[in-house]
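Undergrad: Pasting in a structure now, in structure tokens, and then I'll have a few things to ask.
The values are calculated or read from the model by the stated rules, or taken from the named source; none is laboratory data. Keep in mind that this is a model prediction, so the values were computed, not measured. So basically every Cβ, Gly included, is an ideal-geometry build from the backbone, and we count neighbours across all protein chains shown.
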Amino acid sequence: MPGKPLIAIVGAGNLGSALAFSLHRSAYKIEAVLARSRGASREKAQKLAKSVGARPVTDAASLQARLLWFCVPDSEISRAAKSLAGALEWRGRVALHSSGALASEELEALRERGASVASVHPLMTFVRGSRPPLLGVPFAIEGDPVATRQARQIVKNLGGQSYSIRAKDKAAYHAWGTFASPLFTALLATAEQVATLAGVNRGEAKRRMIPILLQTLANYAQFGAAAGFSGPIVRGDVETVKRHLRVLRNLPAAREVYSALGRASLRYLPVKHKRELKQVFDSRIE
């Protein structure tokens, strides 16, 4: 379509697949899905390409796409860029990558060849079997002017929200995102383990936790962290916190998580009896 560049996706993992489907639904023409020449990577590329009307390729030399979007693991971005640097004429092309932690300089090999490059990261989680819509998703963008303008237009067409980020802030930004999703998932896995102390198996614990989790997120969304915080710590219920720590002796890792989050509560949230609670978290309750 006029104004929409022909795109090639490099990598067919969870992010690359979700992005390809969103681009396809937004009437972008995906020319190809580029992957390794053998193994699971090639099979994924073939499957994804078929789903979005593209062709799977292992050799970039034939690509006509004016925009290549790298959706490979962070450790492979620079290597992939270097491997493709000599395969195409890069002047007039745009290259994007979607690492949350790394800046556009990972594509320096293509920039040196004349490409305009940028990092474009959606603050969203992508797992196997899930293709979350990108409507309303914030995208952090930094890089060269031509590439960032192109990226912002694409994000707008996808229904996302773009904003600028400084290259030096990418690591902190990604740490923030890690707290919001992967470490939150780790907290849920820890909660499942704690449920076993109450005689509830992990599968049943997951089912029973869903209502309170959904309400907690709803409270956070509506009222914010301070007003959405509840339970014994906000009330300053020292004796209940002591009981929790005693029973968690049977799960040392969970006890460490409880104490760490308890200390964070004292620092960032409105809590009664902070001094007494701090003493409890800092001591070894037996």
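Undergrad: Looking at ALA81, ALA115, ALA151, ALA95, can you tell me which residue is surrounded by 22 or more Cβ atoms within 10 Å (Cβ to Cβ), in contact with a Lys or Arg (Cβ under 7 Å, 6 or more places away or on another chain) and not polar (S, T, N, Q)?
TA: Answer to the selection: ALA115.
Undergrad: Scan region 154-171 for residues that are assigned to a helix (DSSP H, G or I) and either without any contact (Cβ under 8 Å) to a residue 12 or more places away in the chain or surrounded by fewer than 15 Cβ atoms within 10 Å (Cβ to Cβ) (or both) and jot them down.
TA: Listed by number, the residues that qualify are LYS156, ALA167, LYS168, ASP169, ALA171.
Undergrad: Of all residues in region 190-209, how many are of a type in the set (D, E, K, R) and over 24 Å from the mean Cα position of the chain (by Cα)?
TA: Summing the residues that are of a type in the set (D, E, K, R) and over 24 Å from the mean Cα position of the chain (by Cα) in region 190-209 gives 4.
Undergrad: SER75: surrounded by fewer than 17 Cβ atoms within 10 Å (Cβ to Cβ) and of a type outside the set (A, V, I, L, M, F, W, C), yes or no?
TA: When the stated conditions are applied, SER75 passes them.
Undergrad: Restricting to region 218-241, count the residues that are loosely packed, with under 13 Cβ neighbours inside 10 Å and either in contact (Cβ under 8 Å) with a residue 24 or more places away in the chain or acidic (Asp, Glu) (or both).
TA: 3
Undergrad: Next up: Scan region 209-240 for residues that are outside any helix (DSSP H, G or I) and out of contact with any Asp or Glu (no Cβ under 8 Å at 6 or more places or on another chain) and jot them down.
TA: Result: GLY228, PHE229, SER230, GLY231, ASP237.
Undergrad: Kindly evaluate GLN150 against the criterion of being closer than 20 Å to ILE9 by Cβ and either touching a residue at least 60 places away in the same chain (Cβ under 8 Å) or assigned to a helix (DSSP H, G or I) (or both).
TA: Spelling it out, GLN150 is indeed closer than 20 Å to ILE9 by Cβ and either touching a residue at least 60 places away in the same chain (Cβ under 8 Å) or assigned to a helix (DSSP H, G or I) (or both).
Undergrad: For region 172-192, how many residues meet the condition of being surrounded by fewer than 16 Cβ atoms within 10 Å (Cβ to Cβ) and either basic (Lys, Arg) or in a helix (DSSP H, G or I) (or both)?
TA: Within region 172-192, residues that are surrounded by fewer than 16 Cβ atoms within 10 Å (Cβ to Cβ) and either basic (Lys, Arg) or in a helix (DSSP H, G or I) (or both) number 14.
Undergrad: Determine if region 39-53 includes at least one residue that is on the phi < 0 side of the Ramachandran plot, in contact with an Asp or Glu (Cβ under 9 Å, 6 or more places away or on another chain), surrounded by 15 or more Cβ atoms within 10 Å (Cβ to Cβ) and without any contact (Cβ under 8 Å) to a residue 40 or more places away in the chain.
TA: No, there is no match, as no residue in region 39-53 is on the phi < 0 side of the Ramachandran plot, in contact with an Asp or Glu (Cβ under 9 Å, 6 or more places away or on another chain), surrounded by 15 or more Cβ atoms within 10 Å (Cβ to Cβ) and without any contact (Cβ under 8 Å) to a residue 40 or more places away in the chain.
Undergrad: Further question on the same structure: Just name the residue that is modelled with the lowest pLDDT out of those in region 1-48 that are closer than 16 Å to ASP59 by Cβ and among the charged types (D, E, K, R).
TA: ARG38
Undergrad: Can I ask one more? Return yes or no: is LYS206 part of a helix (DSSP H, G or I), surrounded by fewer than 12 Cβ atoms within 10 Å (Cβ to Cβ) and modelled with pLDDT of 95 or more?
TA: no
Undergrad: Determine whether region 103-119 contains at least one residue that is of a type in the set (A, V, I, L, M), touching a residue at least 60 places away in the same chain (Cβ under 8 Å) and farther than 19 Å from SER22 by Cα.
TA: So far as region 103-119 goes, yes, one or more of its residues are of a type in the set (A, V, I, L, M), touching a residue at least 60 places away in the same chain (Cβ under 8 Å) and farther than 19 Å from SER22 by Cα.
Undergrad: How many residues does region 99-134 hold that are of a type in the set (Gly, Ala, Ser), more than 24 Å from LYS156 (Cβ to Cβ) and touching a helix residue (DSSP H, G or I) at 6+ places or on another chain (Cβ under 7 Å)?
TA: Residues flagged as of a type in the set (Gly, Ala, Ser), more than 24 Å from LYS156 (Cβ to Cβ) and touching a helix residue (DSSP H, G or I) at 6+ places or on another chain (Cβ under 7 Å) within region 99-134 amount to 2.
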